[in-house]
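The values are calculated or read from the model by the stated rules, or taken from the named source; none is laboratory data. Fair warning: this is a prediction, and the values are worked out from it, not measured in the lab. Every residue, glycine among them, receives a Cβ derived from its backbone with ideal geometry; neighbour counts consider all protein chains shown. Note: areas computed on protein heavy atoms with side chains; ligands, DNA, RNA excluded. Shrake-Rupley method; radii C 1.70, N 1.55, O 1.52, S 1.80 Å.
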Amino acid sequence: MASFRMQRVHHRTGNRGFLLSSALVALMSVLMLIPLCTASIASLRGVFEFQEEVQDEISSLQLRRLFLCAYEIEVSPDAVSFIYDDRAMQLLKVNRHIIISPGTQIFYADVDTCEFIVDAGLVYVEFERDAKQYRKVLLRVP
């Protein structure tokens, strides 16, 4: 009986460290994959940033579409007044945003200056943001 107990103790000591070495191999494999994963994620950093230029182009297209259906358009340096869907509306600058009122639909955000210009039969909105000048076509004057 004593020899059976000794064989059992000897049997347990022979497998010592097997689990530890397997865990170390798995840990080393995971650690070698971390630089690869961070390098692949680092290239996606610019994808999730907000791009104001892209948003400005989308806003310009939306305004052109709106002005195609508008009538009685009057342009001043501060605002563009028009009638759309039997309602009198204005495109103007309020608190660093170019919006349409009534209501508050923001088209261009974080604008420092804004001016509406008629040049060669086209109406432009000219605005400044972060010391850059932007000029977008809004509509053709009939």
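Looking across region 91-118, the residues that are touching a residue at least 40 places away in the same chain (Cβ under 8 Å) and not aliphatic (A, V, I, L, M) come down to F107, Y108, D110, F116. Tallying residues that are basic (K, R) and either at pLDDT 90 or above or under 30 Å from A131 (Cβ atoms) (or both) within region 10-56 yields 1. Criterion first (modelled with pLDDT of 90 or more and open to solvent by 80 Å² or more (accessible area, probe 1.4 Å)) does D130 satisfy it? Against the criterion (modelled with pLDDT of 90 or more and open to solvent by 80 Å² or more (accessible area, probe 1.4 Å)), D130 does not qualify.
Considering region 95-117 alone, what residues qualify as being over 21 Å from F50 (Cβ atoms), open to solvent by less than 60 Å² (accessible area, probe 1.4 Å) and part of a strand (DSSP E or B)? Steps first, please.
Of region 95-117, the ones over 21 Å from F50 (Cβ atoms) are 100-103, 113, 115-117.
Next cut, open to solvent by less than 60 Å² (accessible area, probe 1.4 Å) only: 100-101, 103, 116-117.
Across region 95-117, the qualifying residues are I100, S101, F116, I117.
Specify which of the listed residues (S43, S81) is without any contact (Cβ under 8 Å) to a residue 12 or more places away in the chain, among the polar types (S, T, N, Q) and touching a strand residue (DSSP E or B) at 6+ places or on another chain (Cβ under 6 Å). Sole residue among the options that is without any contact (Cβ under 8 Å) to a residue 12 or more places away in the chain, among the polar types (S, T, N, Q) and touching a strand residue (DSSP E or B) at 6+ places or on another chain (Cβ under 6 Å): S81. For region 61-87, filtering for residues that are assigned to a strand (DSSP E or B) and closer than 18 Å to V141 by Cα leaves 11.
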